1. Whole number in Å², please: accessible area per residue of segment 51-138, 1.4 Å probe, ligands, DNA and RNA not counted.
2. Amide H neighbours of R75 under 5 Å, at least 5 residues apart or on other chains, H built in the peptide plane: list them.
3. Taking only the Cα atoms of segment 56-184, how large is their convex hull per residue, in Å³?
4. List, in order, the whole-Hz ³J(HN,Hα) value for each residue of segment 182-188 obtained from phi through the Karplus relation with A = 6.51, B = -1.76, C = 1.60 and θ = phi - 60°; use x for Gly and Pro.
5. Residue-wise, which Karplus ³J(HN,Hα) couplings in Hz belong to segment 50-62, taking 6.51 cos²θ - 1.76 cosθ + 1.60, θ = phi - 60°, and x for glycine or proline?
6. To the nearest 10 square angstrom, what accessible area does R131 show with a 1.4 Å probe?
7. In what sequence, largest accessible area first, do W50, W65 appear using a 1.4 Å probe?
8. Rank by packing, highest mean first: peptides 52-60, 170-178, with packing defined as the count of other Cβ atoms within 10 Å averaged across residues.
Amino acid sequence: FPVTIKKNEISYGKTLYIGSGKSRKVVRIYDKKADSGGTADEGTAGNDAWGTEAAWTATQAAIDWVESLGITFSRKVSWGISMGGLISLRVLAYRTGFTRWYGVSPVCSLKGPSNNGQASVASWTATILARHGVGSIAALPSACDPSLFSSSLWSGKAMAATVSTDDTSVPIANNITLLQANATVSVTTTTGTHGLMAHSTSDIFTHLNA
């Protein structure tokens, strides 16, 4: 896996961050340097998006590689921006030792209850269905949809997010609201369109490092 990540860089600060964003680079793994607030060199995995099994497989391989270095981390946390919400939430739910999550305009649902998830947003429907290789919203895999995960998977996890009432790309009702049906999420509501909404980087890291 990525030779750009060196053991001494990752171990600096002893916190493992798993971040997932809206680009085709599905996962970025790095360690925040405790004093400078910088990051070590990143490694990326996966060329898929929208929380596919291929993206999940690549993400797990990335985490496995970092954990194989024998580093003892004081904490493991995940965060997701936009479609990165899907993979980052799955990391929190299923990977051992991850205890905290933060989402910024996070996609939290593919289909959601009554097929009211992100795939019901007309501009994204075809892309999401194509990524998952299915022909209808109803056929989207539940295993890739965090809003449908059992509440037991979120037990003891600290979850927070910033969302915008102006965000029509990742609507609140189709995403964070559906996640909250099974999970306790502390939500900060702000304004601004998707990608340009007001949010505080310091709030994110304050939550992840608590």
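1. 36 Å²
2. L16
3. Residue-normalised Cα hull volume stands at 98 Å³.
4. So the J values, rounded to whole Hz, are 10, 9, 8, 10, 7, 10, 9.
5. Calculated HN-Hα couplings, in order: 6, x, 5, 5, 4, 5, 5, 4, 5, 5, 5, 4, 5 Hz.
6. 90 Å²
7. Highest to lowest solvent-accessible surface, that is W65, W50.
8. The packing order, highest mean first, is 170-178, 52-60.
The values are calculated or read from the model by the stated rules, or taken from the named source; none is laboratory data. A quick note: this is a predicted structure, and the numbers were derived from the prediction, not measured. Positions of Cβ are generated from backbone atoms using ideal geometry, with glycine treated the same way; all protein chains shown enter the neighbour counts. We work out accessible area using only protein heavy atoms, side chains counted, and drop any ligands, DNA or RNA first. Shrake-Rupley method; radii C 1.70, N 1.55, O 1.52, S 1.80 Å.
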